[in-house]
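Engineer: For reference, the structure I am asking about is given below.
No lab work stands behind these numbers, since they all come straight from the coordinates. All values derive from a computational prediction rather than experimental measurement. Glycine gets a Cβ as well: all are built from the backbone with ideal geometry, and neighbour counts include every protein chain shown.
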Amino acid sequence: MRWLGLDWDEGPEVGGPHGPYLQSERGDIYRDVLARLAESSYTYECYCTTEEVDARRKASGSKVMGYDGFCRDLTEEQVAAFRTLGRQPVVRFRMPEGSITWNDLVRGEITFETQYVPDFALCRANGDPLYTLVNPVDDAMMEITHVLRGEDLLSSTPRQIPLHAALIELGIGKVMPEFGHLPFVMGEGNKKLSKRDPESHLFLYRDQGFLPEGLLNYLALLGWAIAADRDVFSMEEMVEAFDIKDVNPNPARFDLKKAEAINSAHMRLLSIDQITDRALPFLKDAGVLTDPVSPADTQLLELAMPLVAERINKLTESVDMLGFLFIDEESFTRDEADVEKLLNDDGRAVVRRSLDALERLGEWSAGAIQAALQAELVEGMGIKPRNAFGPVRVAVTGRRVSPPLFESMELLGRERSLARLRSALV
RNA sequence: GCCCCGUUCGUCUAGCGGCCCAGGACGCUGGCCUCUCACGCCGGAAGCACGGGUUCGAAUCCCGUACGGGGUACCA
């Protein structure tokens, strides 16, 4: 979350007035709440085993799963009898009669008949509090006003609303929160993206060279739109325009291609210097640059970055684009497929002529190199520019895809450029 | 099984009864630009799940059906 530029005002690591924020430190609080709930008969002890509940449901033919309220009104004698059997009770919440309705922030009015939501357990027989208790209690005591969460929790809402009402009644909570249930984000195909899926790992995208603002922008687009005809925006613009009521209730599929497109739009919003800064860690990791970067390389990088900044969509692509400039001649290699394709006999002939022309060249500048090669290859040999410069490009940069050729050769320098042309002929 | 939620181009969406024989974006595709790639520009194909209502008029409201998803624990 921090990587995306998302932070929190209150909670673990940052503190706040409603602590402690770790559930492990809140045991006493839950025990106390449980006691007060019991005192006011919002809850009751239940001694049933799951087998007994199942058996009873089978016998009654009820279609409703879950607990049947058997222990709601146990007499003291019955309780004593269970106790002598050595049974420890769980505590259940007494669901009210009728129905629970709330106005969901993203889905509108939703109603559940309480006959379909059984009395639920708040703690284990050993006294450990359950999520069903802990979640509303924490929200109530921290004065949460809006609960926005995944739609998987939609059906737990009719349990939480009456519990919240009870907590308010007891003075433990102050406000009934508003609820909004957000759609899922699905992966490829139609499967739900779980936290365990590699696809759902933020760092995977970060390591692929995504910009945090790019990914954030894309993610915001899943289920929401800033305007009918726009989809690139900053976090500030999003904060300004966002309203939970505009969120779509239906699930969205994660589309890597679109995520990349949005990301590259953000890439183009950055200055050359900013892209350089962001790409630096990737270049160092890949071994293109040393850490710290030498003064000579820093200077070279400054000259080279304007050539590549506009043609990369992700930070990692800078590695392939710039590698050839910084590598020493002994370690320089070429992409085999590209060599096979472009440095065939025809290609080598082109490189040969280029070498001749460039060896004679006086001024080593992009303009002069271009003029010389244009004259030698295009006019001299009568071949098309794209066929003429392809082999030279592979010879010098090692790849079919590179920054502009002539500028690249200028930056590489005369000696290294000529050396690479020669080695391509061996 | 029962309860709840959802369904507009392949994908993400705009649309809240007439402005829609449905708009944008990504992707796909034809072309332009061009030393490769990328950018940029111009064009194209592609969608209201289905069936009934309501209405002068429905993608928009209502009801069914189908399909998808979630829940149904002494999990969270």
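Engineer: Using just the Cα positions, wrap the range A:162-303 in a convex hull and report its mean projected area in square nanometres, one decimal place. Could you put the intermediate results ahead of the total?
Structural biologist: On the way: hull surface 53.9 nm².
With every direction weighted equally, the projected area is 13.5 nm².
Engineer: Taking the Cα centre of the range A:1-139 as the origin, how large is its charge dipole in debye, to the nearest 20, when only Lys and Arg (+1) and Asp and Glu (-1) carry charge on their Cβ atoms?
Structural biologist: Result for the range A:1-139 is approximately 560 debye, rounded to the nearest 20.
Engineer: Related question: Using a 4.7 Å cut-off between beta carbons, which cysteines in chain A end up with no partner cysteine at all?
Structural biologist: Lone cysteines by the Cβ rule: A:C48, A:C123.
Engineer: A further question follows. Run the quick spin-label model on A:E379 and A:H146: label points 7 Å from Cα toward the beta carbon, then report their separation in nm to one decimal.
Structural biologist: 6.8 nm
Engineer: Still on this model: Gain in length, A:I168 to A:T50, computed as 0.36 nm per residue apart minus the alpha-carbon separation, to one decimal in nm? Spell out each step's value before the answer.
Structural biologist: Details: separation 118, 0.36 × 118 = 42.48 nm, distance 3.15 nm.
Net length gain for the segment: 39.3 nm.
Engineer: How big is the convex hull of the Cα atoms of the range A:136-245, per residue, in Å³?
Structural biologist: Working: hull volume 16.0 nm³, N = 110.
It is 146 Å³ per residue.
Engineer: Also, I was wondering about something else. Project the alpha carbons of the range A:1-58 onto their principal axes and report the range along each, largest first, in whole Å.
Structural biologist: Projected onto its principal axes, the Cα set of the range A:1-58 covers 53, 29, 17 Å.
Engineer: Enumerate the whole-percent occupancy of each 20 Å bin, from 0 to the last occupied one, for all C-alpha pair distances of chain A.
Structural biologist: Whole-percent P(r) values from 0 Å outward: 19, 35, 23, 16, 7, 0.
Engineer: If you average the alpha carbon positions of the range A:111-144 and of the range A:208-233, how far apart do those two centres end up, in angstrom?
Structural biologist: So the separation of the two Cα centres works out to 36 Å.
Engineer: A:L6 to A:I327: FRET efficiency via 1/(1 + (r/R0)^6), r the Cβ-Cβ distance, R0 41 Å, to the nearest 0.05?
Structural biologist: Step by step, r from the Cβ atoms, then E = 0.60.
Engineer: To the nearest Å, what is the center-to-center distance of the range A:375-420 and the range A:265-333, using C-alpha atoms only?
Structural biologist: What the calculation gives is 20 Å, centre to centre.
Engineer: Let me spell out the model: positive unit charges on the Cβ of Lys and Arg, negative unit charges on the Cβ of Asp and Glu, origin at the Cα centre of the range A:215-263. What dipole size does that give, in debye rounded to 20?
Structural biologist: With Lys and Arg at +1 and Asp and Glu at -1, about 280 debye.
Engineer: Further question on the same structure: Sequence-distant or interchain residues sharing an amide H contact under 5 Å with A:C123, placed H: which?
Structural biologist: Distant-sequence amide H within range of A:C123: A:V91, A:L130.
Engineer: Here is a further query. For the range A:265-282, take each phi angle, set θ = phi - 60°, evaluate the Karplus expression 6.51 cos²θ - 1.76 cosθ + 1.60, and give the result in whole Hz per residue in order, putting x for glycine and proline.
Structural biologist: Going residue by residue, I get 5, 5, 4, 6, 7, 8, 7, 4, 4, 5, 5, 4, 4, 6, 7, 3, x, 5 Hz, with x marking Gly and Pro.
Engineer: Once you have the Kirkwood Rh of the range A:47-165 from its Cα pairs, apply Stokes-Einstein at 10 °C and 1.306 mPa s and quote D in µm²/s.
Structural biologist: On the way: Rh = 16.1 Å.
Estimated via Stokes-Einstein, D reaches 98 µm²/s.
Engineer: Separate question: Provide the per-residue ³J(HN,Hα) series for the range A:363-380, in order, calculated from phi with Karplus coefficients 6.51, -1.76, 1.60 and θ = phi - 60°, each as a whole number of Hz, with x at glycine and proline positions.
Structural biologist: 8, 8, 9, 3, x, 5, 5, 4, 4, 5, 5, 4, 5, 5, 8, 6, 6, x
Engineer: Rounded to whole Hz and in sequence order, give me ³J(HN,Hα) for the range A:109-117 from the Karplus expression 6.51 cos²θ - 1.76 cosθ + 1.60, θ = phi - 60°, writing x for Gly and Pro.
Structural biologist: Whole-Hz 3J(HN,Hα) from phi for the range A:109-117: 5, 10, 10, 10, 6, 5, 4, 9, 10.
Engineer: Shifting gears a bit: Using a Förster distance of 45 angstrom, determine the FRET efficiency expected from the C-beta separation of A:L361 and A:L269, and round it to 0.05.
Structural biologist: Rounded to the nearest 0.05, the efficiency is 0.70.
Engineer: At 4 °C and 1.567 mPa s, grab the translational diffusion coefficient of the range A:309-389 from Stokes-Einstein with a Kirkwood Rh over Cα pairs, rounded to a whole number in µm² per second.
Structural biologist: Using the Kirkwood radius from Cα pairs, D works out to 88 µm²/s.
Engineer: Okay, moving on. Using modelled backbone amide H atoms (1.01 Å from N, in-plane), which distant-in-sequence or interchain residues come within less than 5 Å of A:L182's amide H?
Structural biologist: Amide H to amide H, under 5 Å and 5 or more residues apart or across chains, A:L182 pairs with A:R149, A:G150, A:E151.
Engineer: Let me ask you something else. What fraction of the DSSP beta bridges in chain A is antiparallel, stated in percent and rounded to the nearest 5?
Structural biologist: Just about 70 percent of them are antiparallel.
Engineer: Still on this model: Report the charge-dipole magnitude of chain A in Debye, nearest 20, computed about the Cα centre from +1 at each Lys and Arg Cβ and -1 at each Asp and Glu Cβ.
Structural biologist: Dipole magnitude for chain A comes out near 1220 debye.
Engineer: Would you grab the residues whose amide H sits under 5 Å from the one on A:S99? Only those 5+ places off in sequence or on another chain, please, with H modelled 1.01 Å from N.
Structural biologist: Amide H neighbours of A:S99: A:T114.
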